[in-house]
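Some notes on the structure that comes next.
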Amino acid sequence: MSEQSRRPRRPAKPYRRPQKDPVRILAFEALRAVDERDAYANLVLPPLLRRAREKEGPEKFDARDAALATELVYGTLRRQGTYDAVIAACVDRPLREVDPPVLDVLSLGAHQLLGTRIPTHAAVSASVELARVVLGDGRAKFVNAVLRKVAQHDLDGWLEQVAPPYDEDPEDHLAVVHSHPRWVVSALWDSLGGGRAGIEDLLEADNERPEVTLVARPGRSTTDELLREDASVPGRWSPYAVRLTEGGEPGAVEAVRDGRAGVQDEGSQLVALALASAPLEGPDEKWLDGCAGPGGKAALLGALAAERGAFLLASEKQPHRAGLVAKALAGNPGPYQVIAADGTRPPWRPGTFDRVLMDVPCTGLGALRRRPEARWRRRPEDLENFAPLQRALLRGALDAVRVGGVVGYATCSPHLAETRAVVEDVLKQHPDAELLDARPLLPGVPALGEGPDVQLWPHLHGTDAMYLALIRRTG
């Protein structure tokens, strides 16, 4: 008998069931939905959290659980580009060869290690347990090995390794450090007009969690009513805005549940208010929201129109989105109508309206704070796909407004190809139209540029990056 055969065998470790962590499992499910179904986190996460709150027993969420799950999902999506660069430095294969569910678990782990105050040992062990539950023991070992490498440095230490020096490649440096695709960095930089400080402030603002902003719809609710809610403070610029600070839940606000108030970014409110305040020549009786879905601006415009006895027509091409508009406008005190119609082939006669808002479909690069996953889905070629529609809708708006009336061209993107380029091209074909200076119609709002159009910014105004040009029909 050999010496080796006489040695007593070590007893096998007993199998231990993986520990289920409801918070991290929910965060993983949300990331999977975003990846597999091209879902948006702001649409996927609320129903998942609602079901978790309704459960009984140890899987039922409290407020802290919901807050952690929300941070894990949004934090991981916002910093995905940075975490991809770090994880790529810790694996022995290209990231495209790592199974997407495994990469989601690794990204969640990287965010806990590099983007939160969760202790290192807890972040690694919780991620490995999650991997055991959703991936199996074999791939959990891979997750453990990679995250132990990630844990060897903090975020600043990793950025020194994985981001190229600014002096050598400024756009790629900013893309890795601030977790934006390089082409988006370049486009935003062009829109800002240069300067390192401004672009870094903007990219960082895109990675901050935005406050929830409410709008008190005129004639239906007031800011005083909303300010009686816990965790509420006045808006910065809009007279109808109230911000919910940390812990504020819009669903708990009675006026929101009743439809008398709504959730609406202050930038969107300012666009509607500027159009409603623009000086007209002649009557002020018929208003049009030509791309009204999902209904936030239409609801505010409808309330403003009602105060003047004006009629609002809210048009939306997609029937299901037209249904959302109808829901937002339900109970409006003045006359209105919601229809499903294409603004490029409208059912209304030319020259019908006094005021027209055309908030056109776009890349959404101005709302990356709210939809962080959009930055990874959009491609430069998307601009070419949107361009013909944006121009056609603006031409349709100018046809719809009467002589002396005003059109507001708006978009939630600061990309020059979706803003000034569209307006300039269409105005070349419309010598019977002129730009108005929109800046005086946003009283008190600073840093509005040289005009006559207006570009709002997250880092300067605390709003989405909304663009607005006001155009008067002159003949």
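Numerical summary
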item	result
Meets criteria (closer than 22 Å to residue 115 by Cα, open to solvent by 40 Å² or more (accessible area, probe 1.4 Å), touching a Ser or Thr at 6+ places or on another chain (Cβ under 7 Å) and not hydroxyl-bearing (Ser, Thr, Tyr)) for residue 211	yes
Residue that is nearest to residue 43 (Cα to Cα) [pool: residues in the range 346-366 that are open to solvent by less than 10 Å² (accessible area, probe 1.4 Å) and among the hydrophobic types (A, V, I, L, M, F, W, C)]	365
Residue that is surrounded by the fewest Cβ atoms within 10 Å (Cβ to Cβ) [pool: residues in the range 214-247 that are in contact with a Gly (Cβ under 8 Å, 6 or more places away or on another chain), in a strand (DSSP E or B) and not hydrophobic (A, V, I, L, M, F, W, C)]	232
Residue among 172, 201 that alone is assigned to a helix (DSSP H, G or I), of a type in the set (Asp, Glu) and either modelled with pLDDT under 95 or more than 18 Å from residue 88 (Cβ to Cβ) (or both)	201
Strands (runs of 3 or more DSSP E) wholly inside the range 368-475 containing at least 2 residues that are touching a helix residue (DSSP H, G or I) at 6+ places or on another chain (Cβ under 6 Å)	401-411, 467-473
Set 377, 369: member being modelled with pLDDT under 95, open to solvent by 30 Å² or more (accessible area, probe 1.4 Å) and closer than 28 Å to residue 42 by Cα	377
Some residue of the range 404-418 being in contact with an Asp or Glu (Cβ under 7 Å, 6 or more places away or on another chain) and on the phi > 0 side of the Ramachandran plot	yes
Output for the range 40-90, where each listed residue is over 19 Å from the mean Cα position of the chain (by Cα), closer than 19 Å to residue 146 by Cβ, among the aliphatic types (A, V, I, L, M) and surrounded by 18 or more Cβ atoms within 10 Å (Cβ to Cβ)	85, 86, 87
Yes/no for residue 182 being open to solvent by 50 Å² or more (accessible area, probe 1.4 Å) and either among the hydroxyl-bearing types (Ser, Thr, Tyr) or within 14 Å of residue 375 (Cα to Cα) (or both)	yes
Check on residue 312, under 28 Å from residue 392 (Cα atoms) and open to solvent by 10 Å² or more (accessible area, probe 1.4 Å)	no
Every residue from the range 129-179 that is within 22 Å of residue 21 (Cα to Cα) and open to solvent by 40 Å² or more (accessible area, probe 1.4 Å)	133, 134, 137, 138, 139, 141, 142, 144, 145, 148
Residues being out of contact with any strand residue (DSSP E or B) (no Cβ under 9 Å at 6 or more places or on another chain), acidic (Asp, Glu) and open to solvent by 70 Å² or more (accessible area, probe 1.4 Å) - total across the range 407-453	2
Filter pass, residue 263 being under 28 Å from residue 251 (Cα atoms), of a type in the set (Val, Ile, Thr), touching a residue at least 12 places away in the same chain (Cβ under 8 Å) and open to solvent by 10 Å² or more (accessible area, probe 1.4 Å)	yes
Residue in the range 21-29 that is modelled with pLDDT under 95 and either charged (D, E, K, R) or more than 21 Å from residue 129 (Cα to Cα) (or both) present	yes
Output for the range 189-240, where each listed residue is hydroxyl-bearing (Ser, Thr, Tyr), within 22 Å of residue 444 (Cβ to Cβ) and within 22 Å of the chain's Cα centre (by Cα)	213, 232, 238, 240
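The values are calculated or read from the model by the stated rules, or taken from the named source; none is laboratory data. Keep in mind that this is a model prediction, so the values were computed, not measured. When we count neighbours, we look across all protein chains shown, and the Cβ atoms used for this are built from the backbone with ideal geometry, even at glycine. Side chains included, ligands, DNA and RNA excluded: accessible areas come from the protein's heavy atoms. Shrake-Rupley method; radii C 1.70, N 1.55, O 1.52, S 1.80 Å.
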